[in-house]
Amino acid sequence: MRIDLHTHSRVSDGTGSPAQVMREAAEAGLDVVALTDHDSVDGWDEASETAAELGLVFVPGIEVSCRHRGISIHLLSYWHRRDDDGVELMLARTRDARVDRAREIVRRIGQDYPVTWEAVSEQAGGAATVGRPHIADALVAQGVVPTRDAAFHSILIPGSRYYVPHYAPEVTDAVRTMRQAGGVTVFAHPGADARGKVVTTSVIEGMARAGLAGLEVDHRDHDERQVTRLSRIADRLGLVRTGASDYHGTGKRNRLGENVTTPEAFARLEAARA
Ligand code: AMP
Ligand code: FE
Ligand code: FE
Ligand code: ZN
């Protein structure tokens, strides 16, 4: 059993359609796959239909943008009720804030480089959740930078004069909101310290008290030191250790199935659903 619990489609910042992500997952030899677009569940129906045709077990998921004292945190949630009022309100607020924020980043970049909101919208192509990756794509299309990655390491890096943060819910509130809607939550790449600041262990303890179920320990953005640290924290707090690819299609190097979750860990997440 090969289980990958973190992937993105073009509903957010992946490059493939939800159906395409499922087809690629089957080709990669996966048996269980979650779709976890940023702040949107718009891909669930299409992914679930295609997964069923392919004989894949589909796990409906999401990656919720959160914050704690200015630090950006990503929270995965699986199986929550998508029509829950609290969840809808929280996500709509973030998605709306993301549009204003992206417009402001584009306005700032536009003073120095040839990039327009129209070009970014075109790159987003109707995505429910707009983010820096789409701005990066517009910069690549204009020849300002060679790749998404290059854009993230220069113009779009936090601390750059063009960077603007966006509203996101406090992470413990998000854990409770998803939990109340029947979701099983996992802290995504909690030790990805090359991307920006990461939270201390005490924040993970607070999330655990709020109902967090797991830690995404096995992830490309974790070095050996972080894997050791996080697996110890997971054991101590009784959190499930997961692993996943964080696949974004051609938008990132991450390959489907490069990190996986064990069947035992997956069974524990399923048990937490009750
Ligand atoms: P935002 O949420 O708009 O601030 O953008 C952050 C998103 O950009 C993350 O969710 C990642 O998926 C993506 N991202 C971060 N670093 C990179 C990178 N180096 N290359 C491509 N995408 C990235
Ligand atoms: Fe992303
Ligand atoms: Fe993430
Ligand atoms: Zn992700």
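The values are calculated or read from the model by the stated rules, or taken from the named source; none is laboratory data. Remember, it's a predicted structure, so these values are computed and weren't measured experimentally. All Cβ positions, glycine included, derive from the backbone under ideal geometry; neighbour counts span all protein chains shown. Ligands, DNA and RNA are stripped out before the accessible areas are found, and what is left, the full protein with its side chains, is counted by its heavy atoms. Shrake-Rupley method; radii C 1.70, N 1.55, O 1.52, S 1.80 Å.
At 1.4 Å probe size, with no ligands or nucleic acids counted, give the accessible surface of SER48 in Å², nearest ten.
50
Using the per-residue mean of other Cβ atoms lying within 10 Å as a proxy for protection, in what order, highest first, do the peptides 7-20, 106-119 fall?
Working: 7-20: 23.4, 106-119: 15.9.
Going by the mean number of other Cβ atoms within 10 Å, highest first, we get 7-20, 106-119.
Considering the chain as a Gaussian network with a 10 Å cut-off on Cα pairs, which listed residue, LEU35, LEU156, LEU256, attains the greatest mean-square fluctuation?
Looking only at LEU35, LEU156, LEU256, the biggest GNM fluctuation is shown by LEU156.
Hey, what did the chain get for relative contact order, percent, Cα under 8 Å, at least 6 apart?
23
Grab every C-alpha pair in the range 30-168, bin the distances at 5 angstrom width from 0 up to the longest one, and report whole percents.
P(r) for the range 30-168, in whole percents per bin: 2, 10, 17, 19, 17, 15, 11, 7, 3, 0, 0.
Restricting to DSSP H runs of at least four residues, report the calculated mean residue ellipticity at 222 nm for the chain, -39500 (n - 2.57) per run over all residues, nearest 500 deg cm²/dmol. Walk me through the numbers on the way to the answer.
Details: 10 runs with 114 residues, N = 274.
Counting only the DSSP helices, I get -12500 deg cm²/dmol.
Per residue, how much accessible area does the range 33-133 show when a 1.4 Å probe rolls over the protein heavy atoms, in square angstrom?
Normalised by residue count, the accessible surface of the range 33-133 is 45 Å².
Considering the convex hull of the alpha carbon atoms of the chain, report its projected area averaged over all viewing directions, in nm², one decimal.
Quarter of the Cα hull surface area: 13.2 nm².
How many angstrom lie between the C-alpha centres of the range 26-43 and the range 187-257?
A separation of 18 Å, based on Cα centres.
Suppose a student asked you for the relative contact order of the range 80-201, using Cα pairs under 8 Å spaced at least 6 residues apart; what percent would you report? Display every interim value, and only then the final one.
On the way: 112 pairs, mean separation 37.3, N = 122.
The value is 31 percent.
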